[in-house]
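The values are calculated or read from the model by the stated rules, or taken from the named source; none is laboratory data. Nothing here was measured: the structure is a model prediction, and the numbers come from that model. Don't worry about glycine lacking a Cβ; one is built from the backbone with ideal geometry, like all the others, and counts go over all protein chains shown.
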């Protein structure tokens, strides 16, 4: 933590962690109280032996009360300045730093999401979800004592991302919880949960008062947030002092992260436009009539998986990666790693054309054609001047870059018909030619990012088509 | 001695504003929704599940409320802020250090971040409940435009404090426009657009220039972003919000199983 001595940092962290753990203890205490009062007490297991002839059961209420007590003890320890006890062990932090990188992060988050999806019936159980929820907060609290972690997470403009992650975890659980119940009900021939509360009620007072309470709560929350966390204000703007790293606002960092794999014209212009167009196209492409107005996964598995892949897996995890784990020179830094501007990472990525011509065929790269090399073509000078860039570009595209061009054209033009004839035959028949082609191309654009990631990681592939002369790299 | 509240409610002024008795019985609870301008956005009655927080998450409403918070705090902040290179940074410093209402800036900034998050959560909920399906397809499209405008509002506002964070975030973000195909001076196809051997798309005529009003983030950009942030985009949002809410009602109210 720059500018703070170790002691000052400990003071700062413990003044944060004390209330933090107390809040977590209260959260678990309230959960226990709620379960007890609403008669949802469940015996999870029995203690061995018996007292007075009665077996002693450990109920969920007891467990969450114990968890609350653990947090209360943590509050006492961390709040009194003993932050070294209430933190992750050094070796674990080292291990996490050393084992993480863009590959582990991306593959790992995909694996986690896939496991959560496949075993959602298990993970949405309130007790399991509540345990994971507690672990997430505990992990955050234990990590906060690390100065490098604190530095990044507690940066005022990064706080919303931490909130976003927790909110998404909660709401994804809520939606999946209801979807799992609905899917079971539908399988049993029952209507979804949403159908049960079918009676009409008056908007005044039920809805109007709910809105009023929401507004007051939100205002209180905003004022609290505004008092607790000052808005950032760095030194005055200077066009000569470039900060390292220079980052866009956090909600665009998924796009900035794509710059690792794509040139700006793709990552900054084409793909965002495709995202917007794709979002707008969703209602016109999704021909599935089911799942309108209630949570379900089984009734609309395809659209669910595609959306979650795009939203949670691509958009959100890339934002988290770009904001919290990308440091100076856009290098990857582990969560407990110091952002060292001098960290050097070898960049020896190779273009496909270099692979083919130089390494494969042992030739030098073919150059571009130009009318100046072909004086025998009887064209007026003004016309050749106009046509020359076109000739250069296309001779590079179908000459030097032919392998990549064929691959990309095959991907975007030949693959959709193949999809229509094989895996997506049913889709094609129901959607018709135009709608199917639009959907196929949107899907292929979306899939191109993970494909390029894997090509980069496995083959150090830089570009499939590399025509830097015309800023055309793909 | 007549009751004061009753006196007020019996007065001509009160009755000219509220043309019905207090909404304590069924009839007047219906009438209040129909006769009040602010409430007539709502239907009179609604299915019980339509207001269950576990179904709606209230995120659309929260987003709208945050938009109102941003409007009010934004107008107040405009009193204290001059969008010039000379004054912008100092004015924000004054808000932080001197003015007693400086906390407005915090509310405005955190409200803006929160609004981006709640828009996403709202769309997340709408997707997961399949609420974009017929007959609500077009309202989803309007919603995507609102998402775009929300991001642009946040993006243009990011520049206004005129500190290092602001200027470089906007520089990084707007550098992308340089690479717009055909329309950016470092975009693919730019070389193909020439007129008599002279490039038509240069750093003084490309998409980035249109966004920044200059070759670099500077005085012109600050002015441009200020106007976009305070006038142009909010007006667009207000119009689309009106359409969005109106369509919610016209498309059959909040979604639910048929």
Checklist entry - Inside the range A:164-202, can you point out the residues that are within 23 Å of residue B:61 (Cα to Cα) and either over 34 Å from the mean Cα position of the chain (by Cα) or modelled with pLDDT under 95 (or both)? => result A:193, A:194, A:195, A:197, A:198, A:199, A:200, A:201, A:202
Checklist entry - Filtering the range A:243-263 down to residues that are more than 7 Å from chain B (Cβ to nearest Cβ) and part of a loop (DSSP other than H, G, I, E, B), which residue is nearest to residue A:451 (Cα to Cα)? => result A:261
Next on the checklist: Quick check on residue A:184: is it surrounded by fewer than 17 Cβ atoms within 10 Å (Cβ to Cβ) and out of contact with any helix residue (DSSP H, G or I) (no Cβ under 8 Å at 6 or more places or on another chain)?
Outcome noted: yes
Next on the checklist: Given (1) farther than 30 Å from residue B:112 by Cβ; (2) within 14 Å of chain B (Cβ to nearest Cβ); (3) in contact with a helix residue (DSSP H, G or I) (Cβ under 7 Å, 6 or more places away or on another chain); (4) free of Cβ contacts under 8 Å to residues at least 60 places away in the same chain, identify the lone condition not met by residue A:128.
Outcome noted: (2)
Next on the checklist: Condition first: more than 7 Å from every other protein chain (Cβ to nearest Cβ), under 29 Å from residue A:179 (Cα atoms) and surrounded by fewer than 20 Cβ atoms within 10 Å (Cβ to Cβ). Now tell me which residues in the range B:26-56 satisfy that.
Outcome noted: B:53
Checklist outcome for this item: Across the range A:100-114, the tally of residues that are touching a strand residue (DSSP E or B) at 6+ places or on another chain (Cβ under 8 Å) and in a helix (DSSP H, G or I) stands at 2
Next on the checklist: Going residue by residue through the range B:67-83, is there one that turns out to be surrounded by 22 or more Cβ atoms within 10 Å (Cβ to Cβ), within 29 Å of residue A:182 (Cβ to Cβ) and within 16 Å of the chain's Cα centre (by Cα)?
Outcome noted: no
Checklist entry - Hey, does the range A:50-60 have a residue that's crowded, with 19+ Cβ neighbours inside 10 Å and outside the structural domain of residue A:143 (by TED's automatic domain parsing)? => result yes
Checklist entry - Does residue B:228 satisfy the condition of being at the interface with chain A (Cβ under 10 Å from one of its Cβ atoms), outside any loop (DSSP other than H, G, I, E, B) and closer than 20 Å to residue B:81 by Cα? => result no
Next on the checklist: Is it the case, given these coordinates, that residue A:35 is in contact (Cβ under 8 Å) with a residue 40 or more places away in the chain and either more than 32 Å from the chain's Cα centre (by Cα) or within 25 Å of residue A:14 (Cα to Cα) (or both)?
Outcome noted: no
Checklist entry - Can you pull out the residues in the range A:308-331 that are part of a helix (DSSP H, G or I) and free of Cβ contacts under 8 Å to residues at least 24 places away in the same chain? => result A:311
Checklist outcome for this item: Restricting attention to the range A:171-198, the residues that are part of a helix (DSSP H, G or I), farther than 27 Å from residue B:118 by Cβ and either away from chain B (no Cβ under 11 Å) or free of Cβ contacts under 8 Å to residues at least 12 places away in the same chain (or both) number exactly 4
Next on the checklist: Taking the conditions exactly as written (over 18 Å from residue A:99 (Cα atoms), surrounded by fewer than 17 Cβ atoms within 10 Å (Cβ to Cβ) and without any contact (Cβ under 8 Å) to a residue 12 or more places away in the chain), does residue A:366 satisfy them or not?
Outcome noted: no
Checklist entry - So which of A:217, A:281, A:226, A:267 is farther than 30 Å from residue B:253 by Cα, more than 7 Å from every other protein chain (Cβ to nearest Cβ) and outside any loop (DSSP other than H, G, I, E, B)? => result A:267
Item to check | Unmet requirement for residue B:101, which otherwise passes all of (1) surrounded by fewer than 21 Cβ atoms within 10 Å (Cβ to Cβ); (2) under 15 Å from the mean Cα position of the chain (by Cα); (3) more than 10 Å from chain A (Cβ to nearest Cβ) | outcome: (2)
Item to check | the range B:178-225, residues that are assigned to a loop (DSSP other than H, G, I, E, B), surrounded by 21 or more Cβ atoms within 10 Å (Cβ to Cβ) and within 8 Å of chain A (Cβ to nearest Cβ) | outcome: B:180, B:184, B:187, B:188, B:217
Checklist entry - Which of the residues spanning the range B:87-101 are closer than 11 Å to residue B:77 by Cα and touching a strand residue (DSSP E or B) at 6+ places or on another chain (Cβ under 8 Å)? => result B:92
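Residue by residue, here is whether (1) without any contact (Cβ under 8 Å) to a residue 40 or more places away in the chain; (2) within 14 Å of chain B (Cβ to nearest Cβ) holds:
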| residue | (1), (2) |
| --- | --- |
| A:433 | yes, no |
| A:443 | no, no |
| A:446 | no, no |
| A:470 | no, yes |
Checklist entry - Any idea how many residues of the range B:82-112 are touching a residue at least 60 places away in the same chain (Cβ under 8 Å) and under 13 Å from residue B:229 (Cα atoms)? => result 1
Checklist entry - Mind checking whether some residue in the range A:203-212 is at the interface with chain B (Cβ under 9 Å from one of its Cβ atoms) and within 31 Å of the chain's Cα centre (by Cα)? => result yes
Item to check | Given (1) surrounded by 16 or more Cβ atoms within 10 Å (Cβ to Cβ); (2) assigned by TED's automatic domain parsing to the domain that holds residue A:332, index of the condition residue A:200 fails | outcome: (1)
Checklist entry - Would the range A:28-45 turn up any residue that is surrounded by 13 or more Cβ atoms within 10 Å (Cβ to Cβ), at pLDDT 90 or above, out of contact with any strand residue (DSSP E or B) (no Cβ under 9 Å at 6 or more places or on another chain) and over 18 Å from residue A:135 (Cβ atoms)? => result yes
Checklist outcome for this item: The residue that is surrounded by the most Cβ atoms within 10 Å (Cβ to Cβ), considering only those in the range A:77-87 that are in a helix (DSSP H, G or I) and touching a residue at least 24 places away in the same chain (Cβ under 8 Å), is A:78
Checklist entry - Does residue A:314 satisfy the condition of being under 16 Å from the mean Cα position of the chain (by Cα) and under 28 Å from residue A:456 (Cβ atoms)? => result yes
Checklist entry - Looking at this structure, is residue A:168 under 25 Å from residue B:152 (Cβ atoms), touching a strand residue (DSSP E or B) at 6+ places or on another chain (Cβ under 9 Å) and either more than 7 Å from every other protein chain (Cβ to nearest Cβ) or assigned to a loop (DSSP other than H, G, I, E, B) (or both)? => result no
Next on the checklist: Being in a helix (DSSP H, G or I) and in contact with a helix residue (DSSP H, G or I) (Cβ under 7 Å, 6 or more places away or on another chain) is true for just one of A:66, A:24. Which residue is that?
Outcome noted: A:24
Item to check | Members of the range A:253-292 found to be in contact with a strand residue (DSSP E or B) (Cβ under 9 Å, 6 or more places away or on another chain) and on the phi > 0 side of the Ramachandran plot, listed by number | outcome: none
